[in-house]
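In what follows, a structure is listed as structure tokens, so that the remarks can point back to it.
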């Protein structure tokens, strides 16, 4: 099949034959790149190659195609076995660099057999790597995350056909190409690259998941439509079809999910588990979000009867990349990102995220993009965040409504890094920390208000008559009911604050919303003053139910309570760290509330409290013993991970993940043989080895970060370390703070959907 060097084109290093004056004016020739041989001349001129773009099956074009393919290493008779039209198409794609020589050699037999989808999927993979290379050069968005998002998006477009059906034959082709992917030699892609073929294999085996995917309808809400468009890179305003919705859902299923700078670990760890262990459940969730704009669960809480709770679609965005300081020169080019000077200036159209954001605002030419950037900068060479720049462009071009247009641009930017539908699902799960079982925080606020109303006046009413006291008690009992019906907390990934307790995140919190009654639209509360007014509104509603004998008192307790509220002294002092416009609380969420809301039942948490390390207490060893005891009934065949949390972070315990199953088995043997100390010294000394216990939710570039237990001889105990997994091996990075081992640990097992 492969030709000899004598039959191939000339290497780039070969000296041109200048035998006559005519040769000096020969047209420029096309070169192709072979990793094994460098750039190879094809004996086809650039002008002749341009003729191939017309896909005219003429003798001259077939001869040009033969020369290009022969330069790539194929014999003439092998080339002739390919359909003439396909021959010209392959030569064009090879000459333009859209397909590589290695890819062509690997897939030649499938092409000769006329197997469909081979070229389409090959192009999708090649274009994804080109995209990731652009991201790497720009330095604004993580190229490894961007590669996975783009690959999932392009594959979804290939695997869901125009009629909305899932093509299992195309899935098989995609799996084969991903498993023999030569492009990965050009760009590191880490352990997340393994997810794509694994999830595609699951989709082939699980007919039920495919059937659910094929039932997804077009979105009914504008928010869901915007998310589908952002997920698939569709232009703003373009109508979203059922096929689009299914492609967006498949892209979310295939995409990578890791926690970034947003402190959503209380939801992200559970989301990663569902994403990996329960894909059909995820598809049902995506179907619900797209079609109805919400997730619906039935919950049963201690202070309320069983009820159906709706968790609205949460399209919020983490703003870390958008707030990186950029420096733009007088020509409208990026010269510095996050205090790092770029090797060379980069034009805006060469930065995928920025280009997508500008195109969403109607700036489609290179000149327009550069001009808009120059005009948006207060002065060349001054640091400015991208969010600010995009806001100024919206204002300068008088785009309306400005908030909608800015949000459109931010969505377009972020969609080049994250799968927007998958992130929206993750943050919708995070909403469960503030509603349903997560409504305890709102309930506590209501109880505080009720207590303030009753504390100073109970004795007063007890002296005036039992009937009045009973009436007043009945009134104050309604405070909790009305408050919890009209106030709620929703997760907001854009809330910025100091570093969270996990030491990694700096975004994420809860915004406060109010509605005037059942069925009314929820509205964000802008400030502390407005919050106090809304609480006053709730009390005014209750005032109408006051019995006449209570209203007659000069010192009306309701009026006193309202005065206290408007002095900002009743509730807001205990809300935590507040930000206004809208009113947001910088705080994490309840892991237990999220787990219970998501699965709809009172999931039991296994709990242990670890004391600080001292001479007679070894918290690391106690944690390991506890984990072994709780998991002793589970074996390597258990295909599961389990959310586990301490005071600082929630992550996924993975006791029998394939990459460390041997360590877990040897640990179990050591415990059974009562030789744990000997086993620790042999296996867990930092310089030798470690026991990987869990997936941290985090990633660093193309590596996943895990947590490991290592034996620390100095303290004769186990220490918790962070370790990086590159898809082949683990590398210890640094120990976590000692206090991470202290306090209460909660483990959630048997979460099977």
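Could you please let me know if residue 200 is under 15 Å from residue 421 (Cα atoms) and modelled with pLDDT of 95 or more? The answer is no for residue 200. In the set 164, 114, 122, only one residue is surrounded by 20 or more Cβ atoms within 10 Å (Cβ to Cβ) and either touching a helix residue (DSSP H, G or I) at 6+ places or on another chain (Cβ under 9 Å) or farther than 29 Å from residue 343 by Cα (or both); that residue is 122. One residue stands out in the stretch 654-666 among those that are in a loop (DSSP other than H, G, I, E, B) and out of contact with any helix residue (DSSP H, G or I) (no Cβ under 7 Å at 6 or more places or on another chain): the one that is modelled with the lowest pLDDT, namely 657.
Residues that are within 13 Å of residue 167 (Cα to Cα) and in contact with a helix residue (DSSP H, G or I) (Cβ under 9 Å, 6 or more places away or on another chain) within the stretch 194-208 comprise 200, 201, 203, 204, listed in sequence order. Screening residue 307 with (1) crowded, with 21+ Cβ neighbours inside 10 Å; (2) modelled with pLDDT under 95 gives one miss only, at (1). Checked against the criterion of being surrounded by 22 or more Cβ atoms within 10 Å (Cβ to Cβ) and either part of a helix (DSSP H, G or I) or in contact with a strand residue (DSSP E or B) (Cβ under 6 Å, 6 or more places away or on another chain) (or both), the candidates 30, 62 yield just one match: 30. Determine whether residue 409 is modelled with pLDDT of 95 or more and surrounded by fewer than 18 Cβ atoms within 10 Å (Cβ to Cβ). Considered against the rule, which asks whether it is modelled with pLDDT of 95 or more and surrounded by fewer than 18 Cβ atoms within 10 Å (Cβ to Cβ), residue 409 comes out as no.
Quick check on residue 421: is it in a helix (DSSP H, G or I), crowded, with 24+ Cβ neighbours inside 10 Å, on the phi < 0 side of the Ramachandran plot and in contact (Cβ under 8 Å) with a residue 24 or more places away in the chain? Criteria met by residue 421.
Checked against the criterion of being more than 17 Å from residue 272 (Cβ to Cβ), surrounded by 12 or more Cβ atoms within 10 Å (Cβ to Cβ) and at pLDDT below 65, the stretch 640-653 contains not a single residue that satisfies it.
Just wondering, is there one or more residues in the stretch 480-488 that are surrounded by 21 or more Cβ atoms within 10 Å (Cβ to Cβ), under 38 Å from the mean Cα position of the chain (by Cα), in a loop (DSSP other than H, G, I, E, B) and modelled with pLDDT of 80 or more? No, the stretch 480-488 contains no residue that is surrounded by 21 or more Cβ atoms within 10 Å (Cβ to Cβ), under 38 Å from the mean Cα position of the chain (by Cα), in a loop (DSSP other than H, G, I, E, B) and modelled with pLDDT of 80 or more. Within the stretch 69-85, the set of residues being surrounded by fewer than 15 Cβ atoms within 10 Å (Cβ to Cβ), closer than 16 Å to residue 119 by Cα and in contact with a helix residue (DSSP H, G or I) (Cβ under 8 Å, 6 or more places away or on another chain) comprises 84 only.
The one condition from (1) in a loop (DSSP other than H, G, I, E, B); (2) free of Cβ contacts under 8 Å to residues at least 12 places away in the same chain; (3) touching a strand residue (DSSP E or B) at 6+ places or on another chain (Cβ under 7 Å) that residue 234 does not meet is (3).
Residues in the stretch 610-636 that are at pLDDT below 85 and closer than 15 Å to residue 654 by Cβ: 628, 630, 631, 634, 635, 636. State whether one or more residues within the stretch 48-67 are without any contact (Cβ under 8 Å) to a residue 60 or more places away in the chain, more than 30 Å from residue 414 (Cβ to Cβ) and within 40 Å of the chain's Cα centre (by Cα). Scanning the stretch 48-67 turns up at least one residue that is without any contact (Cβ under 8 Å) to a residue 60 or more places away in the chain, more than 30 Å from residue 414 (Cβ to Cβ) and within 40 Å of the chain's Cα centre (by Cα). For the stretch 580-616, name all the residues that are touching a strand residue (DSSP E or B) at 6+ places or on another chain (Cβ under 8 Å) and closer than 30 Å to residue 713 by Cα. Those that are touching a strand residue (DSSP E or B) at 6+ places or on another chain (Cβ under 8 Å) and closer than 30 Å to residue 713 by Cα: 606, 607, 608, 609, 610, 611, 613.
Scanning the stretch 691-712 for residues that are surrounded by 24 or more Cβ atoms within 10 Å (Cβ to Cβ) and modelled with pLDDT under 85 yields a single hit, 711.
The values are calculated or read from the model by the stated rules, or taken from the named source; none is laboratory data. Keep in mind that this is a model prediction, so the values were computed, not measured. As a convention, Cβ positions derive from the backbone with ideal geometry for all residues, glycine included, and neighbour counts pool all protein chains shown.
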